[in-house]
Amino acid sequence: MTAPKLRFKEFDGDWLPYVLKDFVSFRKGKGISKADISEDGINECIRYGELYTTYGQVIRKIQSKTYVSKSECVLSQAGDVLIPASGETQIDIATASCVLKGDVILSGDLNILSHKENGEWLAYYLSSAKKLDIAQLAQGNSVVHLYSSQLKDLKINKPSKAEQTKIASFLSAVDEKISQLTKKHQLLSQYKQGMMQKLFSQQLRFKADDGSEFGEWEEILVQYLVDKGILEKPMDGNHGEIHPTSKDYVEEGIPFVMATDIFNGKLHLEQTKKLTKQQADSLRKGFSREGDVLLTHKANIGNVAIVPQLDVEYLMLTPQVTYYRVINFSRLNNNFLKVYFESPQFQKNLLDLCTGATRLYIGISEQRKLPISLPCLEEQTKIANFLSAIDQKIEVVAQQIEQAKTWKKGLLQQMFV
């Protein structure tokens, strides 16, 4: 029986076997380089690279424009399905997008599939159930290519157009929900950036609980906080000749934190490499603990996180990451230090002190020269709590996006055959 596991109740019977050439006519895009793109161009266009970077399975709104004349180009028909003709990897090239609008210029390196089916359904189907099959058709090493001559004999199981339309409408609604959540995430992130700019430039100030004004902020350096016993000396994981290598990694053990493990304001312990406790204990420095503020300072510059509650004694840092450990909490709130490190002002100062043309770096000694604007503890706490509350909202939306994507992936696996 050729029928999907998950199906709308009004449909039954097998999906019928075809190959693409039975119901698709193939064309190839033409021209349009990146240099031809213009914000104020007069004609809408789609370039093959945008299928990877800009569009999903359904193209509703065209992002690019050009002054190139339509008479020189290949134009879309409403519902055409586009598949890249070249790409970096076989799996990347195995993606399909349905352009809902006709008369759009289609660039070279695009396979254009014209048909009388529901184009949204076909794009979802090719990008999911047939993704691996398409990937296996692609040829090449450093650059892979995919031609219509390879696609034409691709086996397809096809339901009625009514069922195609029902599936496409449902999946489009799922994509719209993901799009709405993504937009909400972007707006919250932009709001946080704007509030940080205002708070740390002191354009916006909190007041004390009794309504009084807080005092002036201190303008100090990281070294001052160390000298006054407010911060422990910042430390990274520069292990020299005894630096662990890939052969030392184990399934369970002490997390070995790299710069790539810190992003979106969080330390992602689930992806860190692990060392045995015995090996980690033998290292000289880089022992980071709960509550430390982590700052990446090599290659990936300026990513920040606080070490969360751990089920191990400590984390081990690599030379790419510095910990900042508050030891006088009556003077400095570690959550304030974290959000201050994320601020546009601090990030600019950090980059200004970096060295290296292709691989940026700022060592511990230079980090101690970084300026910090420090309010009183009560104002620090208010700022940290305010920004942390926004972070929590951003995290909730991020989780909703991942849940929706996971749900969609499950649907795609069950709604096609």
I'm checking my understanding of the structure. Among residues of region 268-301 that are part of a strand (DSSP E or B) and under 19 Å from Asn333 (Cα atoms), which one is farthest from the chain's Cα centre (by Cα)? Ser288
For Thr260, indicate whether it is surrounded by 12 or more Cβ atoms within 10 Å (Cβ to Cβ), under 29 Å from Glu395 (Cα atoms) and among the β-branched types (Val, Ile, Thr). yes
Single residue of Gly240, Gly211 found to be closer than 24 Å to Asn385 by Cβ and not hydrophobic (A, V, I, L, M, F, W, C): Gly211
Search result, residues across region 329-352 that are hydrophobic (A, V, I, L, M, F, W, C) and either surrounded by fewer than 18 Cβ atoms within 10 Å (Cβ to Cβ) or touching a residue at least 60 places away in the same chain (Cβ under 8 Å) (or both): Phe329, Leu332, Val339, Phe346, Leu351
Considering only residues of region 353-409 that are over 19 Å from Met196 (Cβ atoms) and hydroxyl-bearing (Ser, Thr, Tyr), which is surrounded by the most Cβ atoms within 10 Å (Cβ to Cβ)? Tyr361
Going through region 325-351 one residue at a time, which ones are in a loop (DSSP other than H, G, I, E, B) and under 14 Å from Glu232 (Cα atoms)? Arg325, Ile327, Asn328, Phe329, Arg331, Leu332, Asn333
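Return yes or no: is Arg47 surrounded by fewer than 20 Cβ atoms within 10 Å (Cβ to Cβ) and either of a type in the set (D, E, K, R) or modelled with pLDDT of 95 or more (or both)?
Numbers: surrounded by fewer than 20 Cβ atoms within 10 Å (Cβ to Cβ): no; either of a type in the set (D, E, K, R) or modelled with pLDDT of 95 or more (or both): yes.
Considered against the rule, which asks whether it is surrounded by fewer than 20 Cβ atoms within 10 Å (Cβ to Cβ) and either of a type in the set (D, E, K, R) or modelled with pLDDT of 95 or more (or both), Arg47 comes out as no.
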From the list Val68, Val24, which residue is more than 18 Å from Pro84 (Cβ to Cβ) and buried (at least 17 other Cβ atoms within 10 Å of the Cβ)? Val68
Since Thr53 meets every condition but one in (1) over 22 Å from Ser25 (Cα atoms); (2) β-branched (Val, Ile, Thr); (3) crowded, with 17+ Cβ neighbours inside 10 Å, which condition does it not meet? (3)
Take Tyr67 and tell me if it is farther than 24 Å from Leu137 by Cβ, touching a strand residue (DSSP E or B) at 6+ places or on another chain (Cβ under 8 Å) and aromatic (Phe, Trp, Tyr). yes
Which one of these is of a type in the set (Lys, Arg) and modelled with pLDDT under 95: Lys298, Lys273? Lys298
Which one is nearest to Val321 (Cα to Cα), of the residues in region 198-242 that are in a helix (DSSP H, G or I) and at pLDDT below 95? Gly240
So which residues in region 194-251 are among the small types (Gly, Ala, Ser) and either in contact with an Asp or Glu (Cβ under 9 Å, 6 or more places away or on another chain) or surrounded by 16 or more Cβ atoms within 10 Å (Cβ to Cβ) (or both)? Ala208, Gly215, Gly237
Just one of (1) over 15 Å from Gln164 (Cβ atoms); (2) polar (S, T, N, Q); (3) out of contact with any Cys (no Cβ under 9 Å at 6 or more places or on another chain); (4) surrounded by 15 or more Cβ atoms within 10 Å (Cβ to Cβ) trips up Ser107, so point out which. (3)
So Asn141 clears everything in (1) polar (S, T, N, Q); (2) under 30 Å from Lys338 (Cα atoms); (3) not assigned by TED's automatic domain parsing to the domain that holds Val417 except one condition, right? Which one? (2)
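The values are calculated or read from the model by the stated rules, or taken from the named source; none is laboratory data. All of these numbers come straight from a predicted model, not from anything done at the bench. We place every Cβ from the backbone using ideal geometry, glycine too, and count neighbours over all the protein chains shown.
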